[in-house]
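Trainee: Below you'll find the structure I mean.
Rule-based calculations on the coordinates, nothing more; no lab input. Quick caveat, the model's predicted, so the values are computed rather than measured. Because the Cβ atoms are built from the backbone with ideal geometry, glycine has one as well, and the counts that use them run over all protein chains shown.
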């Protein structure tokens, strides 16, 4: 597995964020296998083009690759909010110079570990949910965690 011509593989990162005095954890697990060296961008600088002398012995000639990212949180999010969080992963990876090829296997999933509460008779189920206007600190985390993953 490669990542911009370097050794790739599995990596993880997490952060604790605070919303309205409550702490939540966001964790990201990534399986990387993509990118040519000259595509690598760090902080807006095309670093990959400057380090061509550090090429690997083997280079896979295929332009496709794969990126699988799982985002887990204990924040109470609705399914459509989790979908938005998963979309932020691709935006974060694009900032590193990545693009998706025709046959690349890119998968981004997000889930929450929050469970509903029930009344005594188990006839009613209640979900606590963070309102959409507080979603920005959460949806930006997969985007920001790319720095730690790479």
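Trainee: Using label points projected 7 Å from each Cα along Cα→Cβ, tell me how many nm separate residue 134 and residue 38, to one decimal.
Mentor: Label at residue 134, label at residue 38, 4.9 nm between them.
Trainee: Sort 22, 95, 37 so that the residue with the fewest other Cβ atoms within 10 Å of its own Cβ comes first and the one with the most comes last. Display every interim value, and only then the final one.
Mentor: On the way: 22 11, 95 14, 37 21.
With the sparsest Cβ surroundings first, the list reads 22, 95, 37.
Trainee: Related question: What is the ratio of the Cα radius of gyration of the range 2-149 to 2.2 N^0.38 Å, with N the residue count, to two decimals? List each step's numbers first, then the result.
Mentor: Numbers: Rg = 18.4 Å, N = 148, 2.2 N^0.38 = 14.7 Å.
Its radius of gyration relative to the 2.2 N^0.38 Å reference: 1.25.
Trainee: Ranking 67, 109 by Cβ neighbours within 10 Å, fewest first, what do you get?
Mentor: Working: 67 22, 109 15.
Ascending Cβ contact count within 10 Å gives the list 109, 67.
Trainee: May I ask you to derive the FRET efficiency for residue 114 and residue 64 from their Cβ-Cβ distance with R0 = 35 Å, giving the value to the nearest 0.05? Don't skip to the answer; put the middle values down first.
Mentor: Numbers: r = 36 Å, r/R0 = 1.02.
Step by step, r from the Cβ atoms, then E = 0.45.
Trainee: Of all the C-alpha pairs in the range 1-60, what % are more than 20 Å from each other?
Mentor: More than 20 Å apart: 46 percent of the Cα pairs in the range 1-60.
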